[in-house]
Protein chains: 2
Amino acid sequence: MKNILFDFISKYVSLTEDEKNAIVSLDIFRSVKKGTTLLKEGQKSLESYFVLKGCIRVYYIIDGEEKTTAFYTEMDALTPPCVISKTPSKYYISCLEDTILLVSNSDMEEEVNTKFPKFEIMCRMFSAELLVKQQINFDEFKTSSPEQRYLNLLQKRPDLIQRVPQHQLASYLGIKPQSLSRLRARIMEKNKG
Amino acid sequence: MKNILFDFISKYVSLTEDEKNAIVSLDIFRSVKKGTTLLKEGQKSLESYFVLKGCIRVYYIIDGEEKTTAFYTEMDALTPPCVISKTPSKYYISCLEDTILLVSNSDMEEEVNTKFPKFEIMCRMFSAELLVKQQINFDEFKTSSPEQRYLNLLQKRPDLIQRVPQHQLASYLGIKPQSLSRLRARIMEKNKG
DNA sequence: TTCATTTCTTAACTTAAGTGAACGAGTTAT
DNA sequence: ATAACTCGTTCACTTAAGTTAAGAAATGAA
């Protein structure tokens, strides 16, 4: 399990055994049951998450309706905007599956950063990378139709289509569940004829 | 003109006169004529921009069609993803109006950062803020309809609707120019009745 | 100025997404 | 085991966006 974490870190910096042990001793691993809500609208939080196993989901409730904006799976890291801006959350975060998380809070991070300067370097590289990914993601979403977005998702994150309920996927694509059903049927039809 | 820059910086850190002079002496101000293209698809770039006056626009050309994804106006900073990822650009950046920019390139930034540690602090605060804004922006886009997006824009950046051509605005909202015209007519109709 | 181009709007028609309702399959709770 | 839910799909209908075409208004260039 911890290997997932160290595989991830090795993409950015290389760690000594001592450093690895130090990380493990921080006791930041947390197991969460399917359905658990990690953050609710209105709450303040200092926690960031790294998904080791499982899947978590971010959604808003707008006019009583869930609007899913993100899924995080293995090797994905999530620092909720409200943690950075230190304002109450406008959204919910919950577990779609039994999930193993690495949880860190802002205070702790500072401590770790001073002890292990490598960490700060890694975090900076990571957040730069994240900014780029997010920008590209946004641009792709903006410049494509629901059908293109679905096909794109099928390419890039095929696992999501298996493990996530259709109505949450639909919301993530910016449409209603009925429209996703129809859209899928339409695509099947094209591939037949 | 330089005041716009220092007003902006003062939101993050306070500068001495010496520091201000040092910045001015870097000679990083550039005037650009309306219509100038700052970056083309396929090019590599190390330049980041800060808009002092005017407006620049980011767009893709997909199937021969312009897809506008962002506008940057006074006090907006833009570090194109391709600068961070050091890959060829997939998009264009051009000036919508005669524009005065502050231009920095990656090499120079490192030099400035070591000379003025304050700068690195500011940059980090700034990019954290940017990440949050971008995330919120994306979420808003995803969770709303074209009409809501237009009304939202009317609230948040009313100047854009005046200074930007309708067909570019339409693209920015994820729809065709004809649909934007219709949508505006629809809203006018509602406000009458 | 005049001619050409770009920009915006309107209209008619097509296509796709939203809505409300119904149904069967699978799950959960009692 | 049965009742109550949730979930995905389908259908008929409504609404909004895409498409094609045309024309008016503004802009730019010769």
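A short reminder: the numbers here are calculations on the coordinates, not readings from a lab. This one's a predicted model, so the numbers in the text were calculated from it and none came from an experiment. Heads up, the Cβs are rebuilt from the backbone with ideal geometry, glycines too, and the neighbour counts pull from every protein chain shown.
Dipole magnitude for the stretch B:18-106: computed about the Cα centre from +1 point charges on Lys and Arg Cβ and -1 point charges on Asp and Glu Cβ, it is near 200 debye. Inter-copy label distances at B:Lys40, using a point 7 Å along Cα-to-Cβ, come to 5.7 nm with the shortest given first. In percent, rounded to a whole number, the relative contact order of the stretch A:65-193 is 31, using alpha-carbon pairs under 8 Å and six or more apart. Cα centroid separation, the stretch A:38-115 to the stretch B:141-161: 27 Å. Legend: mean number of C-beta atoms from other chains within 10 angstrom of residue C-beta atoms, peptide B:126-137, equals 5. Comment: the Cα-to-Cβ extended label point of B:Gln155, at 7 Å, lies 3.5 nm from its counterparts in the other copies, nearest first. Charged side chains reduced to their Cβ positions (Lys and Arg at +1, Asp and Glu at -1) give the protein assembly as shown a dipole of some 1820 debye around its Cα centre. Can you give me the relative contact order of the stretch B:49-103 as a percent, contacts being Cα pairs under 8 Å and 6 or more apart? The normalised contact order for the stretch B:49-103 reaches 53 percent.
As a calculated quantity, the FRET efficiency between B:Gln148 and A:Glu17 at R0 = 51 Å, using C-beta atoms, amounts to about 0.45. Pairs from the list A:Lys33/A:Lys53; B:Lys67/B:Lys176; B:Lys44/B:Lys90; A:Lys86/B:Lys142 with a Cα-Cα gap above 19 Å: A:Lys86/B:Lys142.
Taking the convex hull of the alpha carbon positions in the protein assembly as shown and averaging its projected area over all directions gives 22.7 nm². Taking the Cα centre of chain B as origin and assigning +1 to Lys and Arg Cβ atoms and -1 to Asp and Glu Cβ atoms, the resulting dipole is close to 940 debye.
Take B:Ile4, push a point 7 Å out from Cα through the beta-carbon direction, and compare it with the same point in every other copy: 4.8 nm, smallest first.
Qualifying chymotrypsin sites (Phe, Trp or Tyr not before Pro) in the stretch A:58-149, where qualification requires a DSSP coil assignment and no more than 10 other C-beta atoms within 10 Å, are lacking entirely.
Taking every DSSP helix (H) stretch of at least 4 residues in the protein assembly as shown, weighting each as -39,500 (n - 2.57) and dividing the sum by the residue count yields a mean residue ellipticity at 222 nm of -15500 deg cm²/dmol.
Contact order for the stretch B:1-153, expressed relative to its length and based on alpha carbon pairs under 8 Å spaced 6+ residues apart, stands at 28 percent.
Of the complete DSSP H runs in chain A, those spanning 18 angstrom or more by Cα along the long axis with a mean Kyte-Doolittle score not below -0.5 are A:117-142.
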